[in-house]
Amino acid sequence: MNETVTFEEIIAAQNHCIQLQNQHWLQHEVFSFQFWLLVALLIIPWLVWWKIVDKKRFLQIFLYGFMVMTVVTFLDEVGCQLNLWEYRVDIEPLFPRLIPMNFTMLPICYMVVYQYCAAWKPYLTANLLMAALFSFVGEPVFIWLDIYELIKWKHIYSFPLYFLLAVGFKAATDWALRVQRRAVP
């Protein structure tokens, strides 16, 4: 495979892929049952979260959730680009990947655990349970619903990732809060 590929050929291939994605989305995804389920998963959890979020800690919890949103969206894009997994249905055809999970379900679940489990031990326990539910219940349900497809990935790989992300998010947030407390007299 010594053939040289030009930048223009890459752009042409990307344009062709975008055209195929749009065509598939219009023909098979938009307004399907899965589409409406994903729309509901995008909107309803935010309404519930708004009712239960501790408004006194709103900024802290929301920034924690924004960190979750940023990291999981990045990791999801990497996984899709490497063909580890892919989504058969989404609420829009281009980017980011599976918006309802990356922008709603994962951040909200992590934020709820963060809000209610301030100490490390209950936080770790709750996140172990959440990682198991996401990996061994949520992902298989999304496969069964024909929304998600594993290509070179297994559910068992997701489990430690969900858990380690939670540990990293709390450690980073706790560190930022310590820095802030030291800076404010």
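No value in this document is a laboratory result; all are computed from the given coordinates. The structure presented is a predicted model; accordingly, all values stated were derived computationally and were not measured. Cβ placement follows ideal geometry from the backbone for every residue including glycine, while neighbour counts extend to all protein chains displayed.
Looking at the chain, do any whole DSSP H helices span at least 27 angstrom along their long axis by alpha carbon and average 1.0 or above on Kyte-Doolittle, and which? Going by DSSP H runs, the hits are 33-52, 58-81.
The ratio of the alpha-carbon radius of gyration of the stretch 32-183 to the globular-protein estimate 2.2 N^0.38 Å is 1.06. Springs join every pair of Cα atoms under 10 Å in this Gaussian network model of the chain, and among CYS17, CYS80, CYS109 the largest mean-square fluctuation is at CYS17.
Summing charges over all other residues whose Cβ lies under 14 Å from the Cβ of PRO93, with Lys and Arg as +1 and Asp and Glu as -1, gives -2. Amide H contacts under 5 Å for TYR148: ARG88, ILE143, restricted to partners 5 or more places along the chain or on a different chain, H placed in the peptide plane at 1.01 Å from N. Highest average first, the peptides 25-33, 86-94 ordered by how many other beta carbon atoms sit within 10 Å of their residues are 86-94, 25-33. Candidates TRP46, THR6, ASN83 compared by Cα position along the dipole of the chain: farthest toward the positive end lies TRP46, with charges placed on Cβ.
How about the stretch 90-185: which trypsin sites (Lys or Arg not before Pro) there lie in a loop by DSSP and see at most 15 other Cβ atoms within 10 Å? Don't skip to the answer; put the middle values down first.
On the way: sites: ARG97, LYS152, LYS154, LYS170, ARG178, ARG181, ARG182; in loops: ARG97, LYS152, LYS154.
Taking the stretch 90-185 and a limit of 15 other Cβ atoms within 10 Å, the loop trypsin sites (Lys or Arg not before Pro) found are LYS152, LYS154.
Every helix of 4 or more DSSP H residues in the chain counts as -39500 (n - 2.57), and over all residues that averages to -22000 deg cm²/dmol at 222 nm.
Just report the Cα centroid separation between the stretch 57-91 and the stretch 95-116, whole Å. Each part's Cα centre sits 8 Å from the other's.
For the stretch 32-183, give the magnitude of the charge dipole about the Cα centre (Cβ charges: +1 Lys/Arg, -1 Asp/Glu; no others), in debye to the nearest 20. Intermediate values should be presented prior to the final figure.
On the way: 13 positive and 10 negative charges, 184 e Å.
Dipole about the Cα centre, nearest 20: 880 debye.
Projecting the Cα positions of LEU129, GLN23, LEU98 onto the charge dipole of the chain (unit charges on Cβ atoms of Lys, Arg, Asp and Glu, taken about the Cα centre) puts LEU129 furthest along the positive direction.
Ordering GLY138, TRP36, MET111 by Cα displacement along the dipole of the chain toward the positive end leaves MET111 in first place; charges were set at the Cβ atoms of Lys, Arg (+1) and Asp, Glu (-1).
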